Amino acid sequence: MSNSLLQSAKNIILAEAKAVTMLADSLDQNFIDACQLIQNCIGKVVLIGMGKSGHIARKIAATLASTGTPAFAVHPGEAGHGDLGMITQEDIVITISYSGESNEIMTLIPIIKHLGVFIIGMTGNVNSSISKISDVHLDVNVEKEACPHNLAPTSSTTVALVMGDALAISLLTNKGFSVDDFARSHPSGALGRRLLTFVSTIMKTGNDIPIVSADIKLLNALLVMSQKTLGMVLITDNNTLKGIFTDGDLRRVLKTHPNIQNLTVGEVMTHNCRSISANKPAIVAVQMMDKFNINSLPVVDDNNQILGAINTHTLMQAKII
């Protein structure tokens, strides 16, 4: 039984993969026309689908909206009872119906056309009622469903979903939608948090910054390092950053200087150390730490004046890493 289940799953995956590959091969000018209609739309993209196509419509709408193309989905049944008022003359409608004969959608089309709204029909039948009345038709035909009875929407819904992704990401690429733009539409997600959290909002400031002068004894600097719990001290001259001494530096000093009693921190500090500005995204600090294999960074202004300090623990507390 286990082997038959695995084989069945593999057959289904391969069938759907084949359908998606065939979709890529069938793309034509209609896809370009659909992208241009959407890109020129000054309103929103309205997705309409019934049944399983309705689920796909909602997912495509969500993907479009999160990638810089304002969109939402309308249930065709609810649209016929008032929700059609959500659609304005500035919008574009994408209808999804594999048969292209959905009664619920066909009921709405005359009213949508009366508004002067462009319709992009996504169907599996180029000769269907919906495809013929659409301004642009996107063919999502499949040879057969992955369902052994060729009944349950499987390959067809996958292909419709992929077509929606192709529209959304092609538009994203064409309009230069950036990582920062994506983060702004996902502020509550992990990616948004990483890209929208700035060094200035998480850095240690004021009395929490471990600051010492270069002439202080190393042992006294170590006491400051221990008290401030950032694994480092920053060496300054009138608040100008001169260097850094970290717990990693301490291990190296102990190997080369058996007697550290008389050392000053200035004698063993790292000069010209790496630093970061407060207005940088916190993820940049993570990237710097990874690149240079360090755990701590001073935060400075344009004049190399110390504003704060961060380390890997700071970044972990902020859930950046």
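Figures for the structure shown
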item	result
Value of relative contact order over segment 203-274, rounded to a whole percent, pairs C-alpha under 8 Å and six or more apart	36 percent
Radius of gyration, Dmax [the chain; alpha carbons; angstrom]	29.9, 90
Charge dipole (the chain, unit charges on Cβ, about Cα centre) - positive-most of THR256, LEU47, MET22	THR256
Protection proxy ranking, peptides 139-146, 231-238, 90-97, average beta carbon neighbours within 10 Å, highest first	90-97, 231-238, 139-146
Residues with amide H under 5 Å from that of THR154, placed H, sequence gap 5 or more	ALA146, CYS147
With 10 Å bins from 0: P(r) over segment 211-321, alpha-carbon pairs, percent	15, 47, 31, 7, 0
Degrees between helix 52-66 axis and first principal axis of the chain (Cα, 0 to 90, nearest 10)	40 degrees
Enclosed volume per residue, in Å³, of the convex hull spanned by Cα atoms of segment 1-105	142 Å³
Average accessible surface area per residue within the chain, 1.4 Å rolling probe, Å²	53 Å²
Whole-Å distance, taken between Cα centres, linking segment 294-321 and segment 111-144	54 Å
Amide H within-cut-off set for PHE198, under 5 Å, with H built and near neighbours excluded	ALA282
Crossing angle, helix 247-256 versus the chain [Cα axis fit, 0-90 degrees, rounded to tens]	40 degrees
Range of Cα positions in segment 268-321 per principal axis (Å), largest first	29, 25, 16
Overall Cα dimensions of segment 1-60 - principal axes, largest extent first, Å	55, 27, 14
Packing-based ranking, highest mean first, of 282-288, 81-87 given that Cβ atoms within 10 Å are counted	282-288, 81-87
Whole-number percent relative contact order across the chain, with pairs defined as alpha carbons under 8 Å at least 6 apart	14 percent
Estimated dipole of segment 207-321 in Debye, rounded to 20 [Cβ of Lys and Arg +1, of Asp and Glu -1, Cα centre]	340 debye
Charge dipole magnitude, Cβ of K and R +1, D and E -1 - the chain, Cα centre, debye nearest 20	1120 debye
Packing-based ranking, highest mean first, of 18-26, 63-71, 127-135, 206-214 given that Cβ atoms within 10 Å are counted	63-71, 127-135, 206-214, 18-26
Extreme residue, positive dipole direction of the chain, given options GLY266, ASN141, ILE38 (C-beta unit charges)	GLY266
Most to least accessible of PHE31, PHE245 (protein chains only, probe 1.4 Å)	PHE31, PHE245
Segment 216-253-segment 1-50 distance, computed between alpha-carbon centres (Å)	58 Å
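The values are calculated or read from the model by the stated rules, or taken from the named source; none is laboratory data. Bear in mind the structure is a predicted one, so any value in this text is a computation, not a measurement. FYI the Cβ positions are ideal-geometry reconstructions off the backbone, even for glycines, and counts take in every protein chain you see. Accessible surface is based on the protein model in full, side chains and every heavy atom, while ligands, DNA and RNA are left aside. Shrake-Rupley method; radii C 1.70, N 1.55, O 1.52, S 1.80 Å.
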